[in-house]
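Shown next, in structure tokens, is the structure this report addresses.
The values are calculated or read from the model by the stated rules, or taken from the named source; none is laboratory data. Computed from a predicted structure; not experimentally measured. Positions of Cβ are generated from backbone atoms using ideal geometry, with glycine treated the same way; all protein chains shown enter the neighbour counts.
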């Protein structure tokens, strides 16, 4: 059918209108695209340029150098050493097993090293370096570098690793570092990004962990150019971080070395404290362990040996070990009774060798008794019955109050791990802890440091220092951080009547220097070094009436772990105190035989500034002592001639 002219005109108008609408729509779209393009290219150019830069450039952290730890004289006791290692990159090595086989011809690699490396290679991207071996000798590194053309993808590197030059001497004080674990990260709310660096190490125990934030330092950074798959192409620039703080301890290195060597393989602890400012000059726990094993990754056999050792080398006995203080506690009972006014300085108590209390017989260590004794003789000869008597008149609450005043039963604030509070019992404590009322027999036991009473070697050293100084002196382990001196807490006066304190001091002097004193065998002949002290022996088992009837089994006939603990506390010089010492020998049997000789040697080493001088010992003991010191000297890192004084060495 032929279209009319009118129809044709109408169709043309419609087409023109549609074309116009379509053109307008296209123009609008083009305009919108142009506006958006201008917005992105001009107004948001900086933002997109930054995003593109971030896709090309990565910022990676540089681990900071860990801060050094020194003794009070500047000797490094925890430092950093160069750690030579060999790494392999899979994409450069090609056939990894063959590359490792070639490397094995150049240096020693175990089957375990090979297997571990292959496991790591399979888990990581092809461009990530995998450590094959570390802590290598320079000779191994040199051989790898010399054979580099035949070892594609294998490169020697150098970094820093923690090192403890004195091994076990500072293991319980400084502690050690180890790799960051998932548990470590879980305990932090906002973990430092540097903790995410593979193989990064942080403090695990001791000063290393308590001062972790200061010792860690601040990480540096480097800008590196990477390709589309993340492979490093080149380093653009580098900003070094800040090394960790330099920490100075109050410990004297020579005294610490000597004290640790003197304890030997005993299960024991010793603390030496300056009575003027509270500085801990030595704090040794034995047996010890080599913290470098943990830095390098301790083997199963080594760790099992430490865990199964009944002398507990991993435990820091100086602050974690809580022991019945035995007769070293008698000064507390004496001062509490004197302050309460229930006994006078010259009052005496008769000791027949036992005392019947509430239907139970409490024995004195001396079976035949001491006869009639006053305070000084009671301390010197360690008469139990004297303290049984005055403690009943005084009461446990006054004894507990005096114990706190002298530094026992409280947690001293030091940057060490797992510090024990000990136990300072009273009526309220027993009621809350055991749901029982305090009994008079409990008071009798507590009066001689048995029963519920527990003290750490650190607390016993604090007690000795306070008795010597007459003030509430507190212990200090950190001398300075980055050269800034840490505050010294001299404390306040103990608030004791001077005549009471002098009488107790007289008793401690008599303990060591009178012929009937329990520590007379460990006296010091040289007047300028004469010490005051107190021995203690604490039972670790109950002796039944039946056993007493048939004869008490001697300690040396019992298994080691059932023998009594040996304790000794002292300060010196007696007339002008400078240092206080405490010694605990687990299952050492007797304070006078096991702990006091160690205490004397440590006192002399501290006062002499080196090995004890032979002239300070009784002449009858010098032959034996000289032989012992010669053997001991061989175990010191810096041996000195026997009998030489600090002044003559200088």
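Screening the candidates 129, 179, 165 for the property of being within 20 Å of residue 296 (Cβ to Cβ) and buried (at least 17 other Cβ atoms within 10 Å of the Cβ) yields one hit, 129. Looking only at the range 267-289, decide whether some residue is touching a helix residue (DSSP H, G or I) at 6+ places or on another chain (Cβ under 7 Å), more than 28 Å from residue 571 (Cβ to Cβ) and in contact (Cβ under 8 Å) with a residue 24 or more places away in the chain. The answer is yes, given that some residue of the range 267-289 is touching a helix residue (DSSP H, G or I) at 6+ places or on another chain (Cβ under 7 Å), more than 28 Å from residue 571 (Cβ to Cβ) and in contact (Cβ under 8 Å) with a residue 24 or more places away in the chain.
Considering every residue within the range 328-350, establish whether at least one is part of a helix (DSSP H, G or I), closer than 30 Å to residue 289 by Cβ and in contact with a helix residue (DSSP H, G or I) (Cβ under 7 Å, 6 or more places away or on another chain).
We begin by selecting, within the range 328-350, every residue part of a helix (DSSP H, G or I); these are 328-340.
Filter once more, keeping what is closer than 30 Å to residue 289 by Cβ: 328.
Filter once more, keeping what is in contact with a helix residue (DSSP H, G or I) (Cβ under 7 Å, 6 or more places away or on another chain): 328.
Scanning the range 328-350 turns up at least one residue that is part of a helix (DSSP H, G or I), closer than 30 Å to residue 289 by Cβ and in contact with a helix residue (DSSP H, G or I) (Cβ under 7 Å, 6 or more places away or on another chain).
The conditions of being modelled with pLDDT of 95 or more and under 22 Å from residue 591 (Cα atoms) are not met by residue 363.
In the range 573-616, of all residues being under 18 Å from residue 511 (Cβ atoms) and either free of Cβ contacts under 8 Å to residues at least 12 places away in the same chain or in a loop (DSSP other than H, G, I, E, B) (or both), the one that is farthest from the chain's Cα centre (by Cα) corresponds to 575.
So which helices (runs of 4 or more DSSP H) are wholly in the range 123-223 and hold at least 3 residues that are within 25 Å of residue 287 (Cα to Cα)? Full working, then the answer.
On the way: elements: 138-146, 171-174, 182-186, 206-210, 212-216.
In the range 123-223, the matching helices (runs of 4 or more DSSP H) lie at 171-174, 206-210.
Within the range 63-87, residues that are touching a residue at least 60 places away in the same chain (Cβ under 8 Å) and at positive phi reach partners that are part of a strand (DSSP E or B) and crowded, with 20+ Cβ neighbours inside 10 Å with beta carbons closer than 8 Å, at six or more positions or on different chains, in the pairs 74/248. Summed over the range 291-311, residues that are out of contact with any strand residue (DSSP E or B) (no Cβ under 9 Å at 6 or more places or on another chain), in a loop (DSSP other than H, G, I, E, B) and closer than 22 Å to residue 584 by Cβ total 2. Scanning the range 396-429 for residues that are assigned to a helix (DSSP H, G or I), without any contact (Cβ under 8 Å) to a residue 60 or more places away in the chain and farther than 22 Å from residue 320 by Cβ returns 396, 397, 400, 427, 428.
Of the residues making up the range 128-155, those that are under 20 Å from residue 97 (Cβ atoms) and in contact with a strand residue (DSSP E or B) (Cβ under 7 Å, 6 or more places away or on another chain) number 9. Restricting to the range 246-262, name every residue that is in contact with a helix residue (DSSP H, G or I) (Cβ under 7 Å, 6 or more places away or on another chain) and either part of a helix (DSSP H, G or I) or without any contact (Cβ under 8 Å) to a residue 60 or more places away in the chain (or both). Across the range 246-262, the qualifying residues are 255, 256, 257, 258, 259, 260, 261, 262.
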